[in-house]
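First the structure, in the form of structure tokens, and then the observations on it.
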Amino acid sequence: MNKGTNQFFKMLWLVPFLGIFLTAVTPSIAASEPIEMLVSKDWGAYRYNDNGVRVCFISSAPKKSAGKYDPDNRGETRIFVSHGPGKAERNVVQVIAGYNYKKQSDVTVKIDKRKFTLFTIEDRAYAESEEDDDAMITAMKRGTTMSIIGTSSRGTVTTDTYSLSGFTKTKSVIDKTCK
């Protein structure tokens, strides 16, 4: 992992996953650093232990970002699909925008010709239900590109475009590692 990616993952554990969709992931003596299991094209698969429970996730950064904003003022932008730490937290899709979203706004995800709507909490976006997460993941496996369109708290509309190349292979790794 390069230094910037390593710093990002260290910061990730300082920001708890919110809501009923994920239990809080906080730094502790029992939590371990993420271990890279596989990088396939534009996606990476990782695992770590949180108080003796294995957690797995895959992640990717956008290939292209557009909008009328200063790139130096925008934080890390990524998408995740995670398993764990509990059995109820399986196939959770999470978007990190690199800025706080406009309050009570929605995010649009376009995967080829399919469209999904996510709700926002601060700088993150989530699907409304497990069924929506599963439908997005199915579309991601079949798709080639994904665009995520959101509005910042300042009213700036951004579009982040992700490649789905490597998604299916890395997803398969976390499915086997975190059953």
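The values are calculated or read from the model by the stated rules, or taken from the named source; none is laboratory data. Because the structure is a prediction, the values reported are computed rather than measured. Don't worry about glycine lacking a Cβ; one is built from the backbone with ideal geometry, like all the others, and counts go over all protein chains shown.
A few remarks follow.
To keep it simple, each residue is scored yes or no on (1) crowded, with 19+ Cβ neighbours inside 10 Å; (2) modelled with pLDDT of 95 or more; (3) touching a strand residue (DSSP E or B) at 6+ places or on another chain (Cβ under 9 Å).
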{"position": "19", "(1), (2), (3)": "no, no, yes"}
{"position": "25", "(1), (2), (3)": "yes, no, yes"}
{"position": "33", "(1), (2), (3)": "no, no, yes"}
{"position": "62", "(1), (2), (3)": "yes, yes, yes"}
{"position": "69", "(1), (2), (3)": "no, no, yes"}
{"position": "73", "(1), (2), (3)": "no, no, no"}
{"position": "80", "(1), (2), (3)": "no, yes, yes"}
{"position": "88", "(1), (2), (3)": "no, no, no"}
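- Number of the exception - residue 154 against (1) surrounded by 15 or more Cβ atoms within 10 Å (Cβ to Cβ); (2) among the basic types (Lys, Arg); (3) over 16 Å from residue 89 (Cα atoms): (1)
- Tallying residues that are within 30 Å of residue 176 (Cα to Cα) and out of contact with any Phe, Trp or Tyr (no Cβ under 9 Å at 6 or more places or on another chain) within the range 54-87 yields 3.
- When 8, 57 are checked against the criterion of being at pLDDT below 95 and of a type outside the set (Ser, Thr, Tyr), 8 stands alone in meeting it.
- All positions within the range 96-148 that are outside any loop (DSSP other than H, G, I, E, B) and in contact (Cβ under 8 Å) with a residue 60 or more places away in the chain: 121, 124, 126, 146, 148
- Within the range 101-111, being touching a strand residue (DSSP E or B) at 6+ places or on another chain (Cβ under 7 Å) and surrounded by fewer than 20 Cβ atoms within 10 Å (Cβ to Cβ) holds for 102, 105, 106, 108, 110.
- Restricting 120, 145, 156, 170 to those that are farther than 21 Å from residue 65 by Cβ, of a type in the set (S, T, N, Q) and modelled with pLDDT of 95 or more reduces the list to 170.
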